[in-house]
Amino acid sequence: MPASPRTELLSLIDEAFDGRAWHGPTLRRAVAGVTPAQAAWRPAPGRHSIWEVALHAAYWKHEVRRRITGGPRKRFPIEGRNWFAADGQSWPDTVRLLADEHRALRAAIAALPPRAFGRRVRGRDTAAFTIRGIAAHDLYHAGQIQLLRRLQQKKAG
């Protein structure tokens, strides 16, 4: 018997964030073991650091949760939108925020009634489309973080 859309979408976001994956590190595994100095490093002026990427990913989990639940805009714990400076928050707090936003998004998806997955949440985008998009977003940024880690190793070596 095929899995429900909810089960499939929950599996998808979990596989992208912290589940077992065949493609390489998930987002959570990409940030695991990163030191504050590594997280703050930039490959060039004006380029994003791992820290900023992690904050960006947490923000979009927060925003997707708001969109799919149709709730009022709740303030993200850090001032701003989309990209954030890494000042004012410790690296462990950033990693914790990322995990907390994933758990909150997962709980929101689990609580959606079946008909909500086909509901439009922005323009022509449905809730299911948006949820698939946040999984792809996690994977994109997991790869970006892995690349930043390798660039640091190359510069140091």
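Looking for whichever is surrounded by 13 or more Cβ atoms within 10 Å (Cβ to Cβ) and without any contact (Cβ under 8 Å) to a residue 24 or more places away in the chain here; the options are Arg42, Arg75. Which one fits? After ruling out the rest, the residue left standing is Arg42.
Among the residues of region 11-22, the one identified as of a type in the set (A, V, I, L, M), touching a residue at least 24 places away in the same chain (Cβ under 8 Å) and open to solvent by 20 Å² or more (accessible area, probe 1.4 Å) is Leu12. Before we move on, is Trp22 in contact with a Ser or Thr (Cβ under 9 Å, 6 or more places away or on another chain) and of a type outside the set (S, T, N, Q)? No, not satisfied. Count of region 30-60 residues, restricted to those that are basic (Lys, Arg) and either farther than 15 Å from His141 by Cβ or within 12 Å of the chain's Cα centre (by Cα) (or both), is 1.
Scanning region 32-77 for residues being β-branched (Val, Ile, Thr) and under 25 Å from Asp125 (Cβ atoms) gives a total of 4. Of the residues contained in region 137-146, none is found to be more than 12 Å from the chain's Cα centre (by Cα), part of a helix (DSSP H, G or I), surrounded by 12 or more Cβ atoms within 10 Å (Cβ to Cβ) and aromatic (Phe, Trp, Tyr). Limited to region 91-125, what total is found for residues that are aliphatic (A, V, I, L, M) and open to solvent by 70 Å² or more (accessible area, probe 1.4 Å)? Number of matching residues: 1. Counting only helices (runs of 4 or more DSSP H) that fall entirely inside region 15-89 and contain at least 1 residues that are under 20 Å from Ala104 (Cβ atoms) and either out of contact with any strand residue (DSSP E or B) (no Cβ under 7 Å at 6 or more places or on another chain) or at pLDDT 95 or above (or both), the qualifying elements are 27-31, 50-69. Here the condition is being touching a helix residue (DSSP H, G or I) at 6+ places or on another chain (Cβ under 9 Å) and among the hydrophobic types (A, V, I, L, M, F, W, C); of Ala136, Ala156, it holds for Ala136 alone.
If the condition is being open to solvent by 70 Å² or more (accessible area, probe 1.4 Å) and of a type outside the set (Phe, Trp, Tyr), then region 126-136 contributes only Arg132. Kindly indicate whether Ala58 is in contact with a Pro (Cβ under 9 Å, 6 or more places away or on another chain), within 29 Å of Arg115 (Cβ to Cβ) and buried (at least 20 other Cβ atoms within 10 Å of the Cβ). Considered against the rule, which asks whether it is in contact with a Pro (Cβ under 9 Å, 6 or more places away or on another chain), within 29 Å of Arg115 (Cβ to Cβ) and buried (at least 20 other Cβ atoms within 10 Å of the Cβ), Ala58 comes out as yes.
The values are calculated or read from the model by the stated rules, or taken from the named source; none is laboratory data. Not measured: the values here are computed from a predicted model. As a convention, Cβ positions derive from the backbone with ideal geometry for all residues, glycine included, and neighbour counts pool all protein chains shown. Side chains are part of the model used for accessible areas, which takes the heavy atoms of the whole protein and leaves out ligands, DNA and RNA. Shrake-Rupley method; radii C 1.70, N 1.55, O 1.52, S 1.80 Å.
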